[in-house]
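Enquirer: Sending over a structure as structure tokens; questions will come in a sec.
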Amino acid sequence: MRLQNKRVIVTAAASGMGRAGVELFLREGASVAAVDVNSAGLDALAADMKSAGHHVHTVLADLSRPEEMRSSIHDAAAALGGVDVLWAHAGIPGPGGIENLDVAAFDLAMALNVTSAALAAGEVVGHMRKSGGGSIIFTSSISGLMGSMMSPVYSAAKFAVVGLTKSLCQTFAPDNVRVNVVCPGLADTPMKLGFTGRSGDPKEAEANQAKLLAAVPMGRLCKAEEVAHAVLWLASDDASFVTGVALPVDGGFTAR
Ligand SMILES: NC(=O)c1ccc[n+]([C@@H]2O[C@H](COP(=O)([O-])OP(=O)(O)OC[C@H]3O[C@@H](n4cnc5c(N)ncnc54)[C@H](O)[C@@H]3O)[C@@H](O)[C@H]2O)c1
């Protein structure tokens, strides 16, 4: 088991890739705290994990609010008795353009994609230092490596997350804290429509998805579990000399 005795916090854990990560990390022997704003989703996750013979600590928090972000990490660390791994996964697509920009929507996208990641990392690093090291994994996107015509604000936010990774990996290296980021392609989770279906027209969403997939050499959507497995490797001691990496999980999209 690759995460035996590891204490792991996952944010945005009630759905999609975060949820897939919680399930996988528990199977790999970790103690896990799941943070999310969706109370019913957290309850369902806890019940499903219980049926599978596992316990997950759940922490309800709106991670776009700095105080809730900080207190959720504090509560999660207290429940776990420390932190060895953080997957700061929270993010949202944000507005689709910048003409007549909705500044509140722009700020919310930055708060959840960037500020929450920086705050979470800042809160856990003291715990990791105390126990001799740790692994922080952020979630960016293919749009954090290449520009995105459909999601410019999101792309700006996800480039910032890659910048955080490349900087913090250096800051925290003397503490044996590694910092990496996964960059998924368009993934088969509820968030997908936030990118392809902003207009609310299902035909347009389908056409947008087809356009995006046409540029994926492997020709399909990313599965939540595929991202969870990449994060598992970065979290584990198998990646003990890997830090500062922006790892695409994208079927070759960014290799073109
Ligand atoms: N789905 C994709 O196509 C895709 C591709 C690349 C990167 N990503 C990134 O992956 C992450 C999540 O994507 P997913 O596909 O797993 O999404 P998802 O829609 O399946 O899950 C998102 C989770 O975030 C939670 N959440 C939303 N707002 C929150 C808030 N204010 N506070 C706390 N939790 C909140 C939701 O309740 C939900 O459980 C984001 O960072 C996203 O940018 C997604």
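The values are calculated or read from the model by the stated rules, or taken from the named source; none is laboratory data. All values reported here derive from a predicted model rather than from experimental measurement. Note that we place each Cβ from the backbone using ideal geometry, even for glycine, and neighbour counts take in every protein chain shown. The accessibility values were calculated without ligands, DNA or RNA, using every heavy atom of the protein model including side chains. Shrake-Rupley method; radii C 1.70, N 1.55, O 1.52, S 1.80 Å.
Enquirer: Filter the range 94-124 down to residues that are in contact (Cβ under 8 Å) with a residue 60 or more places away in the chain and either surrounded by fewer than 23 Cβ atoms within 10 Å (Cβ to Cβ) or more than 10 Å from the ligand (Cβ to nearest atom) (or both), then give me how many there are. Quick ask: steps written out before the conclusion?
Expert: Pass one, the range 94-124, residues in contact (Cβ under 8 Å) with a residue 60 or more places away in the chain: 94, 96, 116, 120, 124.
Among the residues that remain, those that are also either surrounded by fewer than 23 Cβ atoms within 10 Å (Cβ to Cβ) or more than 10 Å from the ligand (Cβ to nearest atom) (or both) are: 96, 120, 124.
The qualifying residues number 3.
Enquirer: Please work out which residue is farthest from HIS127 (Cα to Cα), limiting yourself to the range 41-68 and to residues that are open to solvent by 60 Å² or more (accessible area, probe 1.4 Å) and of a type in the set (D, E, K, R).
Expert: ASP48
Enquirer: Restricting to the range 1-40, what's the tally of residues that are open to solvent by less than 10 Å² (accessible area, probe 1.4 Å) and among the hydroxyl-bearing types (Ser, Thr, Tyr)?
Expert: Residues that pass the stated criteria total 1.
Enquirer: It is to be established whether one or more residues within the range 221-238 are acidic (Asp, Glu), open to solvent by 20 Å² or more (accessible area, probe 1.4 Å) and within 12 Å of VAL182 (Cα to Cα). Let's see the steps before the verdict.
Expert: Narrowing the range 221-238 to residues acidic (Asp, Glu): 225-226, 237-238.
Among the residues that remain, those that are also open to solvent by 20 Å² or more (accessible area, probe 1.4 Å) are: 225-226, 237-238.
Those left that are additionally within 12 Å of VAL182 (Cα to Cα): 226.
Yes: one or more hits.
Enquirer: Can you tell me which residue is farthest from the ligand (Cβ to nearest atom) among those in the range 156-183 that are open to solvent by 10 Å² or more (accessible area, probe 1.4 Å) and farther than 11 Å from GLY244 by Cα? Working first, answer last.
Expert: Our first condition is that a residue be open to solvent by 10 Å² or more (accessible area, probe 1.4 Å); within the range 156-183, this holds for 156, 159-160, 162-164, 166-176, 178.
Next cut, farther than 11 Å from GLY244 by Cα only: 156, 159-160, 174-176.
Numbers: ALA156: 13, PHE159: 12, ALA160: 12, PRO174: 28, ASP175: 25, ASN176: 26 Å.
Selected residue: PRO174.
Enquirer: Taking SER71 as meeting all but one of (1) within 18 Å of SER135 (Cβ to Cβ); (2) of a type in the set (Gly, Ala, Ser); (3) within 16 Å of the ligand (Cβ to nearest atom); (4) open to solvent by 20 Å² or more (accessible area, probe 1.4 Å), write down the number of the exception.
Expert: (1)
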